[in-house]
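*Asks:* I'd like to ask some things about the structure below.
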Amino acid sequence: MKRIFALMVVALLLAGCAPKPYWTLTDQKNHTVTSTSFEFGVSDGWVRTTEPRTWERLEIDGAQRTILLESMTVTRDGTGLQAMTITRRYPDTAFPTIKKKSVPTQLAPEVADLYVAELRKRTGLERLAVLSNKPAKIDGKPGFQLVMQYKNEDGLRIQIVSYGFADKTGFYTLTYRAPYLYYYERDLKVFNDLVGSFHQLKGAFDPPPEIPGWAKIFT
Amino acid sequence: MSVRNFVALAALLLAGLLTPAHAGDTPHWVHYRLLNGQAHLPKKVVVMPVSVRMYEVTAGGVQEEVPEWSTQAEANVHKAVSALLAKTAGMQEVAMPRLSASERAIIDEHMALYKLVANTVPTSGLKHKLRRFDYGIGPGLNTVLARTGADAVLMVYGNDYASTAGRKTKAVLGKIPIVNIFTGGEVELGHSFVHLGFIELKSGDLLWMNSEYRQGASDMREYDDVEDLIAAIFKWYPGIERYREQYAYDE
Amino acid sequence: MPTTNKQPLLRASWALLLALLLAGCATTEGVSSFKSADDTGNLRESEQRLWHEAESYDDTLERSGQVYEQARATAYVQGVMDRLFPEFKGKITVHLYDSTDLNAFAMFNGSVYVNIGMLARMENEAQLAALLGHEATHFIEKHGFQKRVSAKNASAFAETGVPFSRLAAVSSISGFSRDLEREADAKGFERMVKAGYDPREAHKLFQYLADEVQALHIEAPYFFSSHPDLSERIEEYKRLSAQYRGGGRLETETYNAIMAPIKLDALRKDIGQDRYESVILVMEDGSKSRYYPPAGYYYLGEAYTRRDQKNDPAKALEAWKKAERQAPKFAPTYMRLGVYYMKSGNKKLARHYFQQYLGLAPKDATDRGYAQQYMSSL
């Protein structure tokens, strides 16, 4: 009996060691995705990252740096084709490659301009064109809606729509990227529904996490 | 229970938890509408402009496209594909019509989109898409090609890397211990790659696709080698039942 | 007991490898420069490969939207190139490249790309001629082919490891050896003089750029490459131009009239990439800013706002006011002044400027929605 019990404990421990899947498929039971600072709704048949990404490595002034963030990704066909990304950046590292912070008193178009400059510098895409920049409300907060476009090396137009706002907890963006041909319009409603369902949570007001110990070696 | 049996049981449990849920081994992809009979196999097919680039790779790894080789490889691939379409029951090749500049631009952008889709499919990591493969590029091509009477197009692209004699020698010497300290370690030799995909014109659905990758002696300037490559791809056509069995499709 | 002797095997392997690698070694023997457009039809097989690659790259640049479409400026720059190299008319083709980097590059097939950032910095046609003379010489002297041969030979005994970037492989963008760059400087200068341009302008171009590199603490752009370095080039051009009396074609007014929209767009793009230091360097200096449209002071105001140092807010306001006076039809200035007064609590002035903006800005202007929103809240 003791041995059977011991085997069951071992089996349970081993089950706990199994890695979580990177993606979670959305069905009627798990439409709402909850992270620390925000939650949002995802449509049936789409997948989302099971856990939020909490850091990224960037090259800033020739040196590698670890930057904290909170980010989740949603896709239907693979992020190579389309990706919806919901990201919170902390105030001091809101625009890391252009070394600017986010401040709650910034106006939406000012934040949008910094965001575009950050995107261009980070990706090296000088030719990223802004097609429109309009005021928008995200979870009742004043923000921006940017529509941008560029062409890849094969001449395929890639369209990006980003909603964003800044408050005292940081800079938030909800971004959808897809080929303009066929995919962008096809899935735009799913993205608009996601934006409409976005809601900031109390966890946004908790102190930001620490950089993981192991990552500090590389910071 | 003995210690030996305990260890064996633990190993089995661990293997059971870590083994992937499914290990498919069919290289081709079939749209779910073909699996459930909502679509028919292509009958009249336009072969889209074939794109094959052939490169020479030097001993030091410098790659240079050789335009005459690319032209030869493209001609061989188109010829082999046409021959196979002619042999396939119920299928007929339809000529690509003359295109205006604006029509050419539509074709080009759809081909660019196709390339992105074809590259995303095998790397997306989304296992449920195997069961319900539903990729496509939209019906935009139909606006240009409906006048041909075709119901599908075939996308064809590939590349071939041929090593110089110096590189081949380096590869051989790289395998010899002690010698390879002076000549450098092993180097990768050339490879050939061809991808084929059928798009249904009316819906833009990617009905079927497959690729073949070969390392070593294959040379796409040689028709026989190309014929062999294309045959290896088409061996899996249409493979509907094989695909259904492998991925337990259920609607 | 017989002993195995590995030496013959090693020697044989080395000899075989050496023989095969040397047999495969590329050479520039027998390769001569192009004498005219007709010459470009007589290429060796190895040259044809590079030509084809360059053509493919032209296609890539065009379809991916990297070519800056501005017909008037493109035709003008092409005209200057044809004046410098009449025997290559139709073969050396100029394109404008959509980047504010201070750069230009030539492809092996005669395509020459000039960055709009470079066009914006120059002051007259003579400086443009110096630049085009240099780049076209790279093409005529087949420097790209020589570079490809060197790369193949240098890597023969070792895997390169670092990817040989496509653009670097088919163009002058990453520079050539010191000797080849010197050849391009000297022969490009000769052409400039022969076409009647003022030779004293050649070194000025490099001087302005050396000033910018120093002030902004940036790496020297590839057009200049690090071999030889900028100061050496300035001295070399001074030495070359000392042989000539002053005077010659400048076409300052023509140049700046045609380049005005490009200069303004380059400022806009610099701000859009947070390169505010470049904008301040150019627009703060009267000797440089006089070559820019007066609406450029709007971007100077934006640059001060981005830099955000002590006194920058006041400097920004001054710059926008200057733009308002000197470029009264430039709509973005009014939006910016409206926001400034709104933030400082002056509702009356804020309303005035937003109204001005809405009256001047096109219907699809990106800031229109914000202006309307702010108006309704005041």
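*Asks:* Which residue, C:ASN346, B:THR169, A:SER162, has the largest displacement toward the positive end of the dipole of the protein assembly as shown when charges sit on each Cβ (Lys, Arg +1; Asp, Glu -1)?
*Replies:* Working it through, the farthest residue towards the positive pole turns out to be C:ASN346.
*Asks:* Springs between alpha-carbon atoms under 10 Å, Gaussian network over chain B: tell me which of B:SER163, B:SER211, B:SER124 tops the mean-square fluctuations.
*Replies:* B:SER124
*Asks:* Can you give the mean number of other chain Cβ atoms that lie within 10 Å of the Cβ atoms in peptide C:48-56?
*Replies:* Details: counts 3, 8, 2, 1, 6, 4, 0, 1, 4.
Per-residue shielding by partner chains comes out at 3.
*Asks:* Helix-only estimate, please: 222 nm mean residue ellipticity of the protein assembly as shown, summing -39500 (n - 2.57) across DSSP H runs of length 4 or more and dividing by its residues, to the nearest 500.
*Replies:* Numbers: 32 runs with 388 residues, N = 848.
The helix-only estimate for the protein assembly as shown comes to -14000 deg cm²/dmol at 222 nm.
*Asks:* Using DSSP to define loop residues, name the trypsin sites (Lys or Arg not before Pro) in region C:227-269 whose beta-carbon has at most 13 other beta-carbon atoms within 10 Å. Before the final figure, lay out each step's value.
*Replies:* Numbers: sites: C:ARG233, C:LYS238, C:ARG239, C:ARG245, C:ARG249, C:LYS263, C:ARG268, C:LYS269; in loops: C:ARG245.
Passing both the DSSP loop test and the Cβ count: C:ARG245.
*Asks:* What whole number of Å gives the distance from the Cα centroid of region C:51-114 to the Cα centroid of region A:17-74?
*Replies:* When both Cα centres are located, 44 Å separates them.
*Asks:* Any chance you could check the Cα centroid distance between region C:267-286 and region B:29-103 for me, in angstrom?
*Replies:* 49 Å
*Asks:* Return the loop-located trypsin sites (Lys or Arg not before Pro) in region B:113-211 (DSSP other than H, G, I, E, B) with at most 16 other Cβ atoms within 10 Å of their own Cβ; answer none if there are none.
*Replies:* Sites meeting the loop and neighbour criteria: B:LYS127, B:ARG132, B:LYS175, B:LYS202.
*Asks:* Okay, next question. How would region C:44-241 be classified by its alpha-carbon gyration tensor: rounded, prolate or oblate, with rounded meaning a/c under 1.5 and the a/b versus b/c comparison settling the rest?
*Replies:* Details: a/c = 1.44, a/b = 1.24, b/c = 1.16.
Rounded.
*Asks:* Shape verdict for chain A, please, from the Cα gyration tensor: rounded (a/c under 1.5), prolate (a/b greater than b/c) or oblate.
*Replies:* Taking the square roots of the gyration eigenvalues as a ≥ b ≥ c, chain A is prolate.
*Asks:* Name the residue from C:LEU358, B:ALA86, C:HIS217 whose Cα lies farthest towards the positive end of the charge dipole of the protein assembly as shown, charges +1 on Cβ of Lys and Arg and -1 on Cβ of Asp and Glu.
*Replies:* Sorting the options by dipole projection puts first C:LEU358.
*Asks:* On C-alpha positions alone, give me the angle between the axis of helix A:185-197 and the longest principal axis of chain A, in degrees, nearest 10.
*Replies:* 70 degrees
*Asks:* Report the relative contact order of chain B, percent, no decimals, based on alpha-carbon pairs under 8 angstrom and at least 6 residues apart.
*Replies:* Details: 397 pairs, mean separation 70.9, N = 251.
The normalised contact order for chain B reaches 28 percent.
*Asks:* First check a/c for region B:26-247, with a ≥ b ≥ c the square roots of the eigenvalues of its C-alpha gyration tensor; if it is under 1.5, answer rounded, and if not, answer prolate when a/b is larger than b/c or oblate otherwise.
*Replies:* Prolate, since a/c reaches 1.5 and a/b exceeds b/c.
*Asks:* Now for a different question. Can you sort B:SER192, C:SER241 by how many other beta carbons sit within 10 Å, fewest first?
*Replies:* In increasing order of surrounding Cβ atoms, one gets C:SER241, B:SER192.
*Asks:* How would A:SER35, A:SER132, C:SER231 line up from fewest to most surrounding beta-carbon atoms within 10 angstrom?
*Replies:* C:SER231, A:SER132, A:SER35
*Asks:* For chain A, what is the charge dipole size about the Cα centre, in debye to the nearest 20, if Lys and Arg each add +1 at the Cβ and Asp and Glu each add -1 at the Cβ?
*Replies:* 300 debye
*Asks:* Which value, in debye to the nearest 20, gives the size of the charge dipole of chain B about its Cα centre, when Lys and Arg are +1 and Asp and Glu are -1 at the Cβ?
*Replies:* That gives chain B a dipole magnitude of about 540 debye.
*Asks:* Roughly how big is region C:44-241's charge dipole about its Cα centre, with Cβ charges of +1 (Lys, Arg) and -1 (Asp, Glu), in debye to the nearest 20?
*Replies:* Here region C:44-241 has a charge dipole of around 420 debye.
*Asks:* Sticking with this one: Using Cα springs under 10 Å in a Gaussian network model of chain A, which residue among A:GLU70, A:GLU39, A:GLU56 shows the largest mean-square fluctuation?
*Replies:* Fluctuation is largest for A:GLU56.
*Asks:* Output the pairs from A:LYS100/C:LYS343; A:LYS151/B:LYS79; A:LYS189/B:LYS43; C:LYS263/C:LYS329; A:LYS137/C:LYS269 with a Cα-Cα distance over 26 Å in this structure; if there are none, say none.
*Replies:* Pairs exceeding 26 Å: A:LYS151/B:LYS79; A:LYS189/B:LYS43; A:LYS137/C:LYS269.
*Asks:* Further question: Looking at region B:26-247, what % of its DSSP beta bridges pair antiparallel, to the nearest 5? Show your work: numbers first, answer last.
*Replies:* Details: 24 of 37 bridges.
Around 65 percent of the beta bridges assigned by DSSP in region B:26-247 are antiparallel ones.
*Asks:* Right, here's the next one. Taking every residue in C:322-330, how many Cβ atoms of other protein chains lie within 10 Å of its Cβ, on average?
*Replies:* 0
*Asks:* Pick out, from B:ILE137, B:ALA75, B:SER51, the residue whose Cα sits farthest towards the positive end of the charge dipole of chain B, with +1 on the Cβ of Lys and Arg and -1 on the Cβ of Asp and Glu.
*Replies:* The listed residue farthest towards the positive side: B:ILE137.
*Asks:* Here's a follow-up. Computed FRET efficiency, Cβ-Cβ of A:GLU210 and C:SER287, R0 60 Å: what is it to the nearest 0.05?
*Replies:* 0.70
*Asks:* Order these by the 10 Å Cβ neighbour count, fewest first: C:GLU69, C:GLU190, C:GLU183.
*Replies:* Arranged by neighbour count, lowest to highest, C:GLU69, C:GLU190, C:GLU183 become C:GLU69, C:GLU190, C:GLU183.
*Asks:* Using only atoms on other chains, find how many Cβ atoms lie within 10 Å of each Cβ of peptide B:121-130 and report the average.
*Replies:* Partner-chain Cβ atoms within 10 Å, mean over residues of B:121-130: 4.
Rule-based calculations on the coordinates, nothing more; no lab input. From a predicted model like this one, the values you see are computed outputs, not experimental measurements. Reconstructed Cβ throughout: ideal geometry from the backbone, glycine too, with neighbour counts over all protein chains shown.
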